[in-house]
Structure formats: C-alpha cells, structure tokens
Amino acid sequence: MIRALAALSVVLFVGQACANIERSPRPEARNAAGPTVCNDPAIEGVVVPKIEGRIAQCGIENPVRITAVAGVQLSQAATVDCNTARALRGWVSDAAVPEFSDRGGLAQLEVAAHYVCRTRNHRPGAKISEHGKGRAIDISGFTLRTGETVTLLNGWNSKDGKRLRALWRAACGPFGTVLGPESDRFHKDHFHFDTAQYRSGSYCR
C-alpha cells in the first residue's frame with residue numbers, strides 16, 4: 001500500500017512538472033527579436049565584411065548592417081560602424097520613443113541615407129562625408145504604430161514642429177554633428193547625424 005502511494009505521488013509530481021513545462025513559453029517566443037550586434041541586445045542586425053572605399057578615406061573597418069534599434073524598425077537596413085549604431089540606439093530609446101508615446105508609439109525610422117562613398121553634399125572637391133566612413137545616418141521621418149508618418153519636410157513648420165525640434169536638440173550630444181531643416185538647403189527634408197568628434201564639442205545646426 002505504501003509503495004503504491006509513493007508511486008502515485010511520483011506520477012502526479014512528474015505530470016505536474018510536465019504541465020509546467022508545456023505552459024512555459026518557448027525560448028524563441030520569449031526572444032522574438034532578430035540577431036544582435038555591437039554587444040548591445042537593443043541593436044538588431046548582422047556583421048558584414050570590411051568595406052574598402054572606391055576613393056581614398058572611404059570605407060569601414062568593422063561595419064554592421066542594422067535593421068532595428070530599441071525595438072524600432074529601420075525602413076531600410078543601414079550600414080554603419082558600431083559607435084554610430086550605439087549613438088542611434090541611445091537617441092531612439094531616450095528621445096524618439098518617448099516623444100511619440102502619446103501618438104500611439106514609434107514603429108519605424110525612415111532612413112534616407114547611410115553608408116555611401118562620396119564627398120560632403122556630393123560637391124566636387126569637398127572633403128569625404130562621414131557617410132563615406134560609416135559614421136553617419138540620415139533620418140527623414142517617423143512612422144507611428146497607427147500607420148501615420150511624420151516627415152521632416154512636411155512636419156518641421158507644422159503642428160509637429162515642436163516635437164521635431166525637441167528630437168533635433170536631443171541628438172546634439174549623442175552625435176558629433178546634427179544637421180536639420182534650418183541648417184542649409186541640403187538638409188531641408190532630413191536630419192543628418194554623425195559621430196565625428198570635435199574638440200569644441202558637438203556641432204549642431
């Protein structure tokens with residue numbers, strides 16, 4: 001009788017344990033995000049081979065191609081270095097996500113440009129752009145979870161202007177260069193962010 005009760009107890013214990021296992025989420029269900037890079041779980045993407053520039057001073061020694069930061073998708077995969085990826089992740093999590101929390105939440109950054117081997121503003125004879133070194137990314141708008149897109153071109157001088165200016169200010173510090181619609185004719189429709197370093201601190205216009 002005692003042996004039978006003991007055996008029954010073991011069966012009940014094992015059955016309960018199996019039930020608990022079935023109810024536990026699978027590992028892939030707990031972590032639905034894609035592969036991460038730059039030793040940062042909030043940056044999704046892949047490591048890509050070293051990029052050799054077609055002209056002097058272009059190229060990236062250790063490039064990554066990022067697809068999302070801080071849970072926000074990028075409209076196109078952006079090739080940058082890890083310093084730039086981390087700066088973008090910090091700005092998105094600390095500024096962009098909170099800024100749109102009252103509008104249903106931020107779903108996607110509209111990426112206008114990332115790595116490209118060229119001179120500044122495509123001007124002949126100018127210095128190599130930070131884009132050509134993998135240190136820059138251009139953002140032209142923000143798509144919300146409601147499906148609405150707030151663009152720099154249409155939003156800067158509209159009801160969204162205050163919000164967009166707050167995002168411009170928040171980028172000054174995390175990034176070395178911050179240019180927006182009021183900087184010059186080349187940036188009327190996007191933010192230019194790069195991680196160039198200056199002795200005098202961040203350059204923001």
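Odds and ends about this structure:
- Of all residues in the range 168-198, those satisfying the criterion of being surrounded by fewer than 22 Cβ atoms within 10 Å (Cβ to Cβ) and polar (S, T, N, Q) are T177, S183, Q197.
- The set of residues in the range 162-205 that are more than 22 Å from T119 (Cβ to Cβ), over 22 Å from the mean Cα position of the chain (by Cα) and small (G, A, S) comprises S200, G201.
- Single condition F186 does not satisfy, out of (1) part of a helix (DSSP H, G or I); (2) aromatic (F, W, Y); (3) modelled with pLDDT of 95 or more: (3)
- One residue stands out among those in the range 104-161 that are among the basic types (K, R) and in a loop (DSSP other than H, G, I, E, B): the one that is surrounded by the fewest Cβ atoms within 10 Å (Cβ to Cβ), which is K159.
- Count of the range 93-126 residues which are hydrophobic (A, V, I, L, M, F, W, C) and over 17 Å from the mean Cα position of the chain (by Cα): 3
- Subset of the range 88-103 that is surrounded by fewer than 18 Cβ atoms within 10 Å (Cβ to Cβ) and among the hydrophobic types (A, V, I, L, M, F, W, C) - its residue that is nearest to T146 (Cα to Cα): V97
- Of all residue pairs spaced 6 or more apart or on separate chains, those with beta-carbon atoms under 6 Å, a first member in the range 126-137 that is modelled with pLDDT of 95 or more and a second member that is small (G, A, S) and surrounded by 23 or more Cβ atoms within 10 Å (Cβ to Cβ) are I137/A78.
- All conditions but one from (1) in contact with a His (Cβ under 8 Å, 6 or more places away or on another chain); (2) over 24 Å from S93 (Cα atoms); (3) not acidic (D, E) apply to A136; the one that does not is (2).
The values are calculated or read from the model by the stated rules, or taken from the named source; none is laboratory data. As the structure is a computational prediction, the values presented were derived from the model and not from experiment. As a convention, Cβ positions derive from the backbone with ideal geometry for all residues, glycine included, and neighbour counts pool all protein chains shown.
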